[in-house]
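Asker: What follows is a single structure, and I will ask about it in a moment.
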């Protein structure tokens, strides 16, 4: 973009060093990064400040997942520990929703709204913004900037299923705001959102049917998806896979009817509510991307290179609006790179090779690096180690051996390429594997590292030893 200034808002008609479009986690990450380098920054946020994660995503969903997890563990305790008596149930779902809302409100205030006064070089403005020559336009006024970061996020998408719009389907946002539980629910989608919400509502007392086109968690190792399918089924969730959605209509007896095609046969499922969790779509409609010449994917996501640059010089994009790595920490990471590159000459590269991914099911799914198939496709001589949690002392002591650990290594160099965990406490263990991959450690380094005993993360050591040894031949804590 040129240095020619358009009329801009403000008493001194100042020109911003960086304009950020989007008031969520990515937008704030870019703005704070630039402000800490002394830049004059403007954020334009449309909708509730804070974006998806704190308002309608990570925070509210994990708060409710934890609540119903306590119900499940209380009811499962007598089966795992003889001599324990416990029962729990959902007594007031509306109260849980109110507590969730209070948590969301407090974090939104503390982590977003209250941060703005701490930076005298950040200006926050509400309203939509669109790209124009030499800057952006918002509220009928133009704001000049040579550098712009777009971080407008994404929202739940609705698939093109005939009749869907006529049955008042829930998306993840609406589902997390329900103050009364339905008796039954069909959940469409076998990705992480569908899995988490299906199990959450089931544990709250809803009769849940989970349906999806291919297999559960298709981006994860197939062993993990298969095992988790069995665990969900054992909790009473009806899981239907490898199907096609044909149509949706209002059921004669009330509720919603979904017709699916499975094994060549049409089946109709009926439930009180239908929750759609089949994907997300980027928020790009009002940005003027086509007019500005910004390239997009067929699904609308903004295309960026490894420096977070779009096809329009001076314009960068980060977070869910780019359609990749849709985790809040990756949005913040990408936005930080975008801001630094915008101000300092494009020297930093986006690197997701050691990106941990977590699904907050129970047991939890955690993954980093290559899957077995990805390693083979990349040309590695892949070696695999798979360890059942029945071999992990922590799982035995907890009377909960649901899960497995799978490691992927380079057969020539023995470097760790990927780690995949299905375990009740798997999410807190994956970062060890992420650091190992980031630092180029081998499976021998993992096998020889001292791990604390009776922890889930010790399973990584045992899985590394399993490449060359039978861990059943080792005593407790054996190195």
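Here, each number is a calculation from the coordinates, and none is a lab measurement. Keep in mind the model is a prediction, meaning the values are calculated, not measured. Heads up, the Cβs are rebuilt from the backbone with ideal geometry, glycines too, and the neighbour counts pull from every protein chain shown.
Asker: Test each condition in (1) in contact (Cβ under 8 Å) with a residue 40 or more places away in the chain; (2) under 23 Å from residue 357 (Cβ atoms) for residue 408 and report the one that comes out false.
Answerer: Residue 408 satisfies all of (1) in contact (Cβ under 8 Å) with a residue 40 or more places away in the chain; (2) under 23 Å from residue 357 (Cβ atoms) except (1).
Asker: Would you confirm, using the coordinates I've provided, whether residue 85 is free of Cβ contacts under 8 Å to residues at least 60 places away in the same chain, surrounded by fewer than 16 Cβ atoms within 10 Å (Cβ to Cβ) and part of a helix (DSSP H, G or I)?
Answerer: So residue 85 does not fit the description; no.
Asker: While we're looking at this one, here's another question. I'd like the residue in segment 34-72 that is out of contact with any strand residue (DSSP E or B) (no Cβ under 9 Å at 6 or more places or on another chain) and within 13 Å of residue 331 (Cβ to Cβ) and, out of all such residues, is surrounded by the fewest Cβ atoms within 10 Å (Cβ to Cβ).
Answerer: In this case the residue turns out to be 58.
Asker: Right, here's the next one. Which number in (1) part of a loop (DSSP other than H, G, I, E, B); (2) within 30 Å of residue 232 (Cβ to Cβ); (3) out of contact with any helix residue (DSSP H, G or I) (no Cβ under 7 Å at 6 or more places or on another chain) marks the one condition that residue 330 misses?
Answerer: Residue 330 satisfies all of (1) part of a loop (DSSP other than H, G, I, E, B); (2) within 30 Å of residue 232 (Cβ to Cβ); (3) out of contact with any helix residue (DSSP H, G or I) (no Cβ under 7 Å at 6 or more places or on another chain) except (1).
Asker: Now for a separate question. Could you tell me whether any residue of segment 175-183 is more than 22 Å from the chain's Cα centre (by Cα) and farther than 24 Å from residue 252 by Cα?
Answerer: yes
Asker: Then there's this: Filter segment 31-44 down to residues that are touching a helix residue (DSSP H, G or I) at 6+ places or on another chain (Cβ under 7 Å) and not in a helix (DSSP H, G or I) and give me whichever is nearest to residue 114 (Cα to Cα).
Answerer: So the residue we want is 43.
Asker: If I ask for residues that are within 19 Å of the chain's Cα centre (by Cα) and farther than 18 Å from residue 243 by Cα, which ones from segment 193-220 would you list?
Answerer: 193, 196, 197, 199, 200, 201, 220, listed by residue number.
Asker: Just checking, which of 319, 236, 279 is out of contact with any strand residue (DSSP E or B) (no Cβ under 6 Å at 6 or more places or on another chain), on the phi > 0 side of the Ramachandran plot and buried (at least 20 other Cβ atoms within 10 Å of the Cβ)?
Answerer: Sole residue among the options that is out of contact with any strand residue (DSSP E or B) (no Cβ under 6 Å at 6 or more places or on another chain), on the phi > 0 side of the Ramachandran plot and buried (at least 20 other Cβ atoms within 10 Å of the Cβ): 319.
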